[in-house]
Amino acid sequence: MEWQPEPESLRQLIQLFNSTQSVDNAVQQQNNQRLEELRRVPDFINYLLFVLIVMKDENSTVRAVAGLLLKNNVRQDFASIPPHVLEYVKRKSIDAIGDPDTLVRHTLGTVIATIVALGKIRSWPEILPRLMQLLDSSDYPVVEGSWDILRKICD
């Protein structure tokens, strides 16, 4: 069975992401403290991925915040992420390359490039052939997303 978020936890997380737009310093400090606490929650990466790629009706800024947090969590905790979680992130990410929202698509590309940079190509050998295959798609967002990821990997 595919991982599913707990609805109340998801609602609270979306509320937190919405409040990250606040210019109030106290709110920002509270948000940072709460996000640091959430990093220790075992399913936090799954929640971030869910918001980024599944919640298409959510504001693209909220989805991008989830993606940037996902990238940062992967970067900071790469060595300690359970292999099944990392495989889940890889599988779901590659399936979402063609997201219609440009901001989300580019954020997802950053997540994928971060995984490749940290784990090296040998830890995800199918990524380059898959990206090359997706370049032949007739769906513009898929092609653009693939090019964006290839560019980020090469950087």
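Residues of the range 73-127 that are among the acidic types (D, E) and more than 22 Å from W3 (Cα to Cα): D101, E126. Whenever a residue of the range 53-78 is touching a residue at least 12 places away in the same chain (Cβ under 8 Å) and under 12 Å from N18 (Cβ atoms), its partners that are open to solvent by 40 Å² or more (accessible area, probe 1.4 Å) and assigned to a helix (DSSP H, G or I), lying with C-beta atoms within less than 9 angstrom and at least six residues away or across chains, give the pairs N59/N18; T61/N18; T61/L103; V62/N18; R63/L103; V65/N18. In the range 89-111, the condition of being open to solvent by 10 Å² or more (accessible area, probe 1.4 Å), in a helix (DSSP H, G or I) and touching a Ser or Thr at 6+ places or on another chain (Cβ under 8 Å) is met by at least one residue. Applying the criterion of being of a type in the set (K, R) and at pLDDT below 95 to the residues of the range 112-144, the residue that is most open to solvent (accessible area, probe 1.4 Å) is R122. For first residues located in the range 79-96 and over 18 Å from V41 (Cα atoms), partners that are open to solvent by 30 Å² or more (accessible area, probe 1.4 Å) and lie 6+ apart or on another chain with Cβ distances below 7 Å form the pairs I94/R130. Residues of the range 1-50 that are open to solvent by less than 70 Å² (accessible area, probe 1.4 Å), closer than 14 Å to V65 by Cα and in a loop (DSSP other than H, G, I, E, B): T20, S22. Condition check: under 23 Å from P7 (Cα atoms), among the polar types (S, T, N, Q) and either open to solvent by less than 30 Å² (accessible area, probe 1.4 Å) or touching a Ser or Thr at 6+ places or on another chain (Cβ under 9 Å) (or both). Does N59 satisfy that? Taking the combined requirement at face value, the residue does not satisfy it. Just to verify a result, which residue in the range 112-136, among those that are over 15 Å from L86 (Cβ atoms) and in a loop (DSSP other than H, G, I, E, B), is nearest to the chain's Cα centre (by Cα)? That would be L135.
Out of contact with any Gly (no Cβ under 9 Å at 6 or more places or on another chain) and over 27 Å from D95 (Cα atoms) - does that describe any residue in the range 36-46?
yes
The values are calculated or read from the model by the stated rules, or taken from the named source; none is laboratory data. Note that the coordinates shown come from a computational prediction; the quantities given were computed from them, not determined experimentally. Glycine gets a Cβ as well: all are built from the backbone with ideal geometry, and neighbour counts include every protein chain shown. Ligands, DNA and RNA are excluded from the accessible area calculation, which covers all protein heavy atoms including side chains. Shrake-Rupley method; radii C 1.70, N 1.55, O 1.52, S 1.80 Å.
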